[in-house]
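Here the structure comes first, spelled out in C-alpha cells, and everything after it is commentary.
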Amino acid sequence: MTTGEQERVVVTGIGLVTPLGNDAGLVLRRIRAGASAAGPPTGFDAGAFACPVCAQVEVFDPKLYVSEPKMVRLMNRDAQLAVAAAHLALEDAGVKPGPTYAPDDIALFGATGLAGLPLREVTPLICVSAAPDGSFDLARFGQSGLKVVSPILSFKILSNMPFCFVSINESIQGPNAIYTPWEGEGAQAIEAGIRALQAGDARCALVGGCDVKTHELAFASLQQHGLFSSWSKTSKGVVPAEGAAFLVLEIEKDALDRNARRYGCLSAQRLRPQCDREDLFQTRLAGLRSLKIREVEVLVGAGNGDAGQEEQESAMLEAAEISVRTKLYPKKQVGDLFAAAGVLQVALGAALTFAGAKTVLANCFGHGNTQAAFVLKRA
C-alpha cells in the first residue's frame, strides 16, 4: 500500500529517550560524529555472556513525565521509558487529549519487548521455589514463591502494561493494540496508526515502542536466541540497549488546519512476514522492490554491528536497484532497541526530511518474523 494513494499521513511529533539523547536532532548529530553509547553494564557482570557491552540511558527521572508520581513505583523500566517518550512526542506535536482531539479520537499502537526484570527482583521467588537438586519445583512455587514477591510484580511483567500506563498518563481512549517482541512489531505499530487514520477510526495516532535489554535476564534471552553469535565468532556484534521512541501521526489536512509542524510524510511502507530464516535475504529484497523507488538521499539502515550485516543490506539495495547517497546505522551507535528500534529509525528519518532530505528509506529489518521498510518524504 502506498499512503500517497489515500490521504497523506504526516509525522507531527517525535519523542525519544535513548542512550544518545532525547532529541532527534541531537541523536543524529552524535551518530554523524561517530559517538557510541556502548559500555560495560553497570547493573551486573557480563562475563558469563558472549556480549560484553550494552547501551544504557544514563540520566533519567521518570517522575518528570507522569501525572501522578506515585504511579512510578508500579512501573518497570520499560514503562517508565515509554511514558516519558510518549509524553515528549505529544508535547512536541502540540497535541493535548481533550483540547486538541477528543481522547477517543486518539489511537495508541505500540510495541514492547518480552517483559523482563533485573535478576534481583525475582531472586527471592527463585530461591524459595527451588527443589533440593536446584531444579524449579512448581509445588514450592505455589506454596512459598508467591508469598515472597511484591503484589505489584504483575504490573511489571505484563507486556501490555507500558502502554496501559501511557494511556492512563495521557488520557488516551481511542483504538489501541500492542505488538511484541521484536523490531518488526514496532513497524506493525506504525502501520496500524497509518491505517487507523486513513480508515477514519482516529484523527490522531500515537505510535511507539519501548524495550530494555540491559539486564542479565535480557542478556540470557538474547544469547539463547543466538543473537550474540557474532560476538562469539568475531568479537563484535549487536549492542543491546534500552530506550523508547514515539511518533505522533496525523492526516496532513488536520495538521495543516491546526498549523502543526510536519516533520515528513510517510509515503510508503512494506511489512512482510518471514517464515523461513534461510530465505531472509529474498524476503527483505522483495519488500524493497515493492516500494518502487530508485533514489534515496539517506538510508537509515538496519546494520546493528553483526559481522556482514551492512554488506548484506548494501547487496539488497543493489539488487533492488536503489541508489543511496548517505547511509546511517543508528543501531550500531545508539544500541539496538529491538521493539523500539524501528520506531527510532522512522523518527530519525522524519527528522532528516524535516532538515531537508527529499527521500529517506528506513529499513526496519531485524530478529523476528516481520521485516519492514518505510519511505519518508518532505511534507
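The values are calculated or read from the model by the stated rules, or taken from the named source; none is laboratory data. Please read these numbers as outputs of a predicted model, since none were measured by experiment. Positions of Cβ are backbone-derived with ideal geometry, glycine not excepted, and every protein chain shown enters the neighbour counts.
Taking region 122-157 as the search range and keeping residues that are exposed (fewer than 12 other Cβ atoms within 10 Å of the Cβ) and of a type in the set (D, E, K, R), which one is farthest from Gln80 (Cα to Cα)?
Asp133
Considering Ala46, Ala89, which residue is more than 18 Å from the chain's Cα centre (by Cα) and of a type outside the set (S, T, N, Q)?
Ala46
Being touching a residue at least 12 places away in the same chain (Cβ under 8 Å), closer than 30 Å to Leu247 by Cα and either surrounded by fewer than 15 Cβ atoms within 10 Å (Cβ to Cβ) or hydroxyl-bearing (Ser, Thr, Tyr) (or both): is that true of Ile178 here?
Values: touching a residue at least 12 places away in the same chain (Cβ under 8 Å): yes; closer than 30 Å to Leu247 by Cα: yes; either surrounded by fewer than 15 Cβ atoms within 10 Å (Cβ to Cβ) or hydroxyl-bearing (Ser, Thr, Tyr) (or both): no.
So Ile178 fails the test.
I need every pair where a residue in region 303-324 that is within 16 Å of Glu183 (Cβ to Cβ) has its Cβ under 6 Å from the Cβ of a residue that is of a type in the set (Ser, Thr, Tyr), sequence separation at least 6 or different chains.
Gly303/Tyr329; Asp306/Ser230
Looking at this structure, is Gly34 in a loop (DSSP other than H, G, I, E, B), surrounded by fewer than 16 Cβ atoms within 10 Å (Cβ to Cβ), at pLDDT 95 or above and not aromatic (Phe, Trp, Tyr)?
The answer is yes for Gly34.
Just the residues that are touching an Asp or Glu at 6+ places or on another chain (Cβ under 9 Å) and over 15 Å from Leu247 (Cβ atoms), please, taken from region 183-199.
Glu183, Gln198
Is it fair to say Pro40 is in contact (Cβ under 8 Å) with a residue 60 or more places away in the chain and outside the structural domain of Arg272 (by TED's automatic domain parsing)? Working first, answer last.
On the way: in contact (Cβ under 8 Å) with a residue 60 or more places away in the chain: no; outside the structural domain of Arg272 (by TED's automatic domain parsing): yes.
Here the answer is no, as Pro40 does not meet what is asked.
Which one of Glu321, Glu313, Glu295 is acidic (Asp, Glu) and crowded, with 17+ Cβ neighbours inside 10 Å?
Glu313
Restricting to region 84-101, what's the tally of residues that are among the small types (Gly, Ala, Ser), surrounded by fewer than 24 Cβ atoms within 10 Å (Cβ to Cβ) and more than 15 Å from Asn169 (Cα to Cα)?
Result for region 84-101: 1.
So which of Leu26, Leu81, Leu64 is modelled with pLDDT of 95 or more, surrounded by 22 or more Cβ atoms within 10 Å (Cβ to Cβ) and either within 20 Å of the chain's Cα centre (by Cα) or not charged (D, E, K, R) (or both)?
Step by step, each of Leu26, Leu81, Leu64 is checked, and only Leu81 is modelled with pLDDT of 95 or more, surrounded by 22 or more Cβ atoms within 10 Å (Cβ to Cβ) and either within 20 Å of the chain's Cα centre (by Cα) or not charged (D, E, K, R) (or both).
Residues of region 183-202 being surrounded by fewer than 24 Cβ atoms within 10 Å (Cβ to Cβ), of a type in the set (A, V, I, L, M, F, W, C) and in contact with a Ser or Thr (Cβ under 8 Å, 6 or more places away or on another chain), which ones?
Matches in region 183-202: Ile194 only.
Give me the helices (runs of 4 or more DSSP H) completely within region 62-163, filtered to those with at least 2 residues that are within 23 Å of Leu337 (Cα to Cα), ordered by residue number.
Answer list for region 62-163: 77-93, 119-128, 153-157.
For region 197-219, which residues satisfy the criterion of being in contact with a Leu (Cβ under 9 Å, 6 or more places away or on another chain) and in a helix (DSSP H, G or I)?
Leu197, Glu216, Leu217, Ala218
Within region 265-292, restricting attention to residues that are of a type in the set (S, T, N, Q) and surrounded by fewer than 20 Cβ atoms within 10 Å (Cβ to Cβ), which residue is nearest to Thr12 (Cα to Cα)?
Ser290
Exactly one condition in (1) crowded, with 17+ Cβ neighbours inside 10 Å; (2) under 28 Å from Arg203 (Cβ atoms); (3) not basic (Lys, Arg) is not met by Asn259; state its number.
Asn259 satisfies all of (1) crowded, with 17+ Cβ neighbours inside 10 Å; (2) under 28 Å from Arg203 (Cβ atoms); (3) not basic (Lys, Arg) except (1).
Which residues, taken from region 345-364, are without any contact (Cβ under 8 Å) to a residue 60 or more places away in the chain and over 17 Å from the mean Cα position of the chain (by Cα)? Steps first, answer last, please.
From region 345-364, those without any contact (Cβ under 8 Å) to a residue 60 or more places away in the chain are 345, 356; that's our starting set.
Across region 345-364, the qualifying residue is only Gly356.
With (1) assigned to a loop (DSSP other than H, G, I, E, B); (2) in contact (Cβ under 8 Å) with a residue 40 or more places away in the chain; (3) of a type outside the set (Asp, Glu); (4) surrounded by fewer than 24 Cβ atoms within 10 Å (Cβ to Cβ) as the list, and Asn169 as the residue in question, which single condition is left unmet?
(1)
Could you tell me which of the residues Val10, Val57 is more than 16 Å from Ala340 (Cβ to Cβ) and buried (at least 17 other Cβ atoms within 10 Å of the Cβ)?
Val10
Within region 164-174, is there a residue that is over 21 Å from Glu91 (Cβ atoms) and assigned by TED's automatic domain parsing to the domain that holds Ala86?
no
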